[in-house]
Amino acid sequence: MASTKEIKNHINSVKDTQKITNAMYLISSTKLQKAKRELDHTRPFFNYTQKEIKRIFRRAPDLQSHYFYPSKEEEPLNGTYGCLLITADKGLAGAYNLNVIKKAEELLEKHKDTKLFVVGEYGRRYFMKRNIPIEQSFLYTAVNPTMDRAREISSILLNLYDKGELEKIYVVYTDMENSIEEEARVFRLLPFHRFEFMKEDEIETDFEFAPSLKEVLESLMPSYIAGFIYSALVDSFCSEQNARMSAMNSANQNAEKILSQLKMEYNRVRQAQITQEITEISAGAKAQRDKRKKKEAQNEHR
Amino acid sequence: MNFNLHIVSSDRIFYQGECESLIVPTNDGLVGILANHSNVIMALIPGQLQYRRPNQKDEYCSIGSGMIKVENNDVLVLIDTIERPDEIDEKRARLAVAKAKEELLQKRSMQEYHMAQAHLQRALSRLKVKSH
């Protein structure tokens, strides 16, 4: 059995760890709330933009633009694909990072010629360690996503896409379905799927387009893509914080459990020690008494 | 005569309500919109947006790129950024102009060139709005 001092040390170190995990839990929950609030502010813009693109599409279903799949549907495009992968900067968030990385690796396996654009330190290190080439100059952190960063990312990707260096662009991110569940998702950002924008049919008013339909569409695209990337960043960030919160929560509970076990053990050891001491003392006292009694008896005899 | 105006930017819903007159920057110059304008969708470029609420003075804002849709007296302006004059930091805008001009002079990648150009345009429109 360990000595009381050892157990005490152990208890203290578990307590210290628990303090850290508890602090991380609190930090994650405030960050989550902040990010969610920001996402709510951008949602209307994003929804409107999507609606308008759909509308433009319904007006001119045969519009040719390199943002859309060639109208002779679904001939596979061969060439370099781009993959925007959103991971966290740090670990300690349960399976959050591994889930998205797994999705990205599946994508890599299906199409070898894929360029990885990784957001977040964790993902970058993961691929570097395994000698999987990633875009080196693409350095963005996943913490506190802003519209500006999303715009920069989208301009980098769009620029490559416009030049024809990337044939397709995927986004791998984590979507928070509700406050408990989250899921890693793969989404093809470009080229657009024609039919995705043409689902519902409404009776439309006629519009005049200035300067032309195509130009309106093309001026709308960058904001749509930046908007999508932004919401993916925020969504991932929220999921990360959420994953960290639940990881830290279970770490807290675990620490609680270990602490109660250790306390029990500590008390047992302490009690055993006291009992032992008492037995020793009383045994010693008894021995002394017996000795004295013997002496007295001998003295009386004389 | 008034029409309904919604101005939505990427970080907030900027304005929702009645409007008497609206002037927006497009590739072909400034376009004014009054009530009962014909239905139209136009691309917007960074510049100065001007709108007037009923019985009030004109208000000026600096906007980024986006689009405008006029549909049956209902106007929707979708832009990535919008700023009121009191939200614009003049000193910063001046610095941004200087920086963007310098960047334009250096030979760099096309992407950086376009970014610098967009920066310049935005910064200039901010200064213009601020000067009103």
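The values are calculated or read from the model by the stated rules, or taken from the named source; none is laboratory data. Remember, it's a predicted structure, so these values are computed and weren't measured experimentally. Because the Cβ atoms are built from the backbone with ideal geometry, glycine has one as well, and the counts that use them run over all protein chains shown. Accessible surface areas use protein heavy atoms only, side chains included; no ligands, DNA or RNA. Shrake-Rupley method; radii C 1.70, N 1.55, O 1.52, S 1.80 Å.
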Å³ per residue enclosed by the Cα convex hull of region A:27-244: 131 Å³
In Å², and per residue, what accessible area does region A:97-193 have when probed at 1.4 Å with the other protein chains present? 51 Å²
What's the Cα-based Rg to Rh of region A:79-126, Rh via Kirkwood? 0.99
Can you give the alpha-carbon Rg of region B:1-89 over 2.2 N^0.38 Å, where N counts its residues? 0.98
Cβ-placed point charges (K, R +1; D, E -1), dipole of chain B about Cα centre in debye, nearest 20: 520 debye
Using 0.36 nm per residue, how much length does the chain from A:Ala23 to A:Gln50 gain when fully extended, once their Cα-Cα distance is taken away? 5.8 nm
Tell me, what is the FRET efficiency for B:Asn27 and A:Asn9 to the nearest 0.05, using R0 = 60 angstrom and their Cβ-Cβ distance as r? 0.25
Share of chain B's accessible area from carbon and sulfur, percent, 1.4 Å? 49 percent
Report for region B:3-83 the percent antiparallel among DSSP-assigned beta bridges with both residues inside it, nearest 5. 85 percent
In the structure displayed, which of A:Lys36/A:Lys115; B:Lys57/B:Lys130; A:Lys34/A:Lys163; A:Lys36/B:Lys128; A:Lys115/B:Lys101 lie more than 27 Å apart, Cα to Cα? A:Lys36/A:Lys115; A:Lys34/A:Lys163; A:Lys36/B:Lys128; A:Lys115/B:Lys101
With every atom except the alpha carbons ignored, what do you get for Rg and Dmax of region B:88-130, in angstroms? 10.4, 32
How much length is gained on full extension from A:Arg125 to A:Gln271, taking 0.36 nm per residue of separation minus their Cα-Cα distance? 47.5 nm
Name the residues of region A:31-56 whose accessible area falls by at least 40 Å² when all protein chains are present instead of the chain alone, probe 1.4 Å? A:His41, A:Phe45, A:Tyr48, A:Glu52
Excluding ligands, DNA and RNA, the carbon-plus-sulfur percentage of the accessible area of chain A with a 1.4 Å probe reads 51 percent
Given Cα positions, please report Rg to Rh for the protein assembly as shown, the hydrodynamic radius being the Kirkwood one. 1.27
Could you give the longest part of chain B that holds none of the trypsin sites (Lys or Arg not before Pro) found in DSSP loops with at most 15 neighbouring Cβ atoms within 10 Å? B:1-56
Expressed in nanometres to one decimal, the distance between label points 7 Å along Cα→Cβ at A:Lys263 and A:Ala95 is 3.3 nm
Counting only DSSP beta bridges with both residues in region A:27-244, what percent are antiparallel, rounded to the nearest 5? 35 percent
About its Cα centre, the protein assembly as shown carries a charge dipole, from +1 on Lys and Arg Cβ atoms and -1 on Asp and Glu Cβ atoms, whose size in debye to the nearest 20 is 3320 debye
Connecting every pair of Cα atoms under 10 Å apart in chain A and solving the GNM, the largest mean-square fluctuation among A:Lys90, A:Lys263, A:Lys286 falls on A:Lys286
With everything on Cα atoms, drop me the angle between helix B:110-130 and the longest principal axis of chain B, reported from 0 to 90° to the nearest 10. 60 degrees
Accessible solvent surface per residue of region B:88-130, calculated while the other protein chains remain in place, 1.4 angstrom probe, Å²: 72 Å²
Computed lengthening from A:His111 to A:Ala287, 0.36 nm per intervening residue step minus Cα-Cα distance: 54.7 nm
For the B and A pair, go ahead and give the buried accessible area with a 1.4 Å probe, both sides summed, in Å² to 100. 2300 Å²
Cα axis of helix B:90-105 to longest principal axis of chain B: angle in degrees, 0 to 90, nearest 10? 60 degrees
Across the residues of A:209-217, average count of Cβ atoms on other protein chains within 10 Å? 4
Could you give the distance between the Cα centres of region B:8-31 and region B:73-106, to the whole Å? 15 Å
